[in-house]
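The values are calculated or read from the model by the stated rules, or taken from the named source; none is laboratory data. Since we're looking at a predicted model, the values are computed, not measured. Note: ideal-geometry Cβ built from the backbone for every residue, glycine included; neighbour counts use all protein chains shown.
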Amino acid sequence: MKAKPCIDSLAVKISHVLPPDTNSHGTLFGGKLMAYIDDVAAIAAERHSRRPVVTASTDSVDFLHPVKEGDTICLEAFVTYTHHTSMEVFVKAVTENLITGDRKMCATAFLTLVALDKNNRPTPVPKVYPETEEEKWLHEGAKKRAEYRRQRRDDSKELAEKFGTDLPWKRGK
């Protein structure tokens, strides 16, 4: 497979923040923003791999600034690193007041998505290469983030084994 530059996977999503999207504080629901993040990341990963994808993990989504009703939210996503069947995708979200032009970075996130074959099994993806200084910086940090994800996944598996599927009031019976 021929390697592709990061920019080839760029996906952009822009939406108005409307009343049904907001909480009692008049700001965008965090879960709504997380859904937008997952959606735009999947588009970037599919654009890179030209395969269906599933989300394998979402690193901590850091909410940096509230998104107010009436503003817009613009999300940009692109593949920063690839492994055999997985892709790390960086997403940034910027809110804008269209009247004043005031823009603020409101969230950042990294997601890992896996490409699937026709049998819904993981399948190889093309390598990705950075071109800009920002892309190079993200690419260089990807192995460290991947190791952190592996450790976090191992911790999650341990938690799952410890707590199991029983309801709390049935444990120990």
Quiz prompt | Restricting the range 121-135 to residues that are in a strand (DSSP E or B) and in contact with a Pro (Cβ under 9 Å, 6 or more places away or on another chain), the residue that is surrounded by the fewest Cβ atoms within 10 Å (Cβ to Cβ) | solution = Tyr129
Quiz prompt | Total residues in the range 32-63, condition modelled with pLDDT under 95 and surrounded by fewer than 16 Cβ atoms within 10 Å (Cβ to Cβ) | solution = 2
Quiz item: Among Lys104, Lys157, Lys118, which is among the basic types (Lys, Arg) and part of a strand (DSSP E or B)?
Solution: Lys104
Practice problem: Give Thr112, Thr108 a once-over and let me know the one that is in contact with a Ser or Thr (Cβ under 9 Å, 6 or more places away or on another chain) and hydroxyl-bearing (Ser, Thr, Tyr). | Solution: Thr112
Self-check item: Condition check for Ala142: assigned to a helix (DSSP H, G or I) and touching a residue at least 24 places away in the same chain (Cβ under 8 Å)
Solution: yes
Self-check item: Residues that are among the charged types (D, E, K, R) and under 24 Å from Arg121 (Cα atoms), drawn from the range 22-51
Solution: Asp38, Asp39, Glu46, Arg47, Arg50, Arg51
Quiz item: Are there any strands (runs of 3 or more DSSP E) wholly within the range 52-97 with 3 or more residues that are aromatic (Phe, Trp, Tyr) and without any contact (Cβ under 8 Å) to a residue 12 or more places away in the chain, and if so which?
Solution: none
Practice problem: Starting from the range 120-131, take each residue that is within 16 Å of Val53 (Cβ to Cβ) and list its partners that are modelled with pLDDT of 95 or more and of a type in the set (Lys, Arg), counting only C-beta distances under 8 angstrom and pairs at least six apart or across chains. | Solution: Thr123/Arg51; Val125/Arg51; Pro126/Lys2; Pro126/Lys4; Val128/Lys4
Quiz item: Taking the range 128-173 only, how many residues are under 21 Å from the mean Cα position of the chain (by Cα), over 21 Å from Ser86 (Cβ atoms) and hydroxyl-bearing (Ser, Thr, Tyr)?
Solution: 1
Quiz item: Which one of these does Met87 not meet: (1) over 17 Å from His139 (Cβ atoms); (2) out of contact with any Gly (no Cβ under 7 Å at 6 or more places or on another chain)?
Solution: (1)
Quiz item: In the range 1-28, what count of residues is obtained for those that are under 25 Å from Glu88 (Cα atoms) and either within 21 Å of the chain's Cα centre (by Cα) or free of Cβ contacts under 8 Å to residues at least 24 places away in the same chain (or both)?
Solution: 12
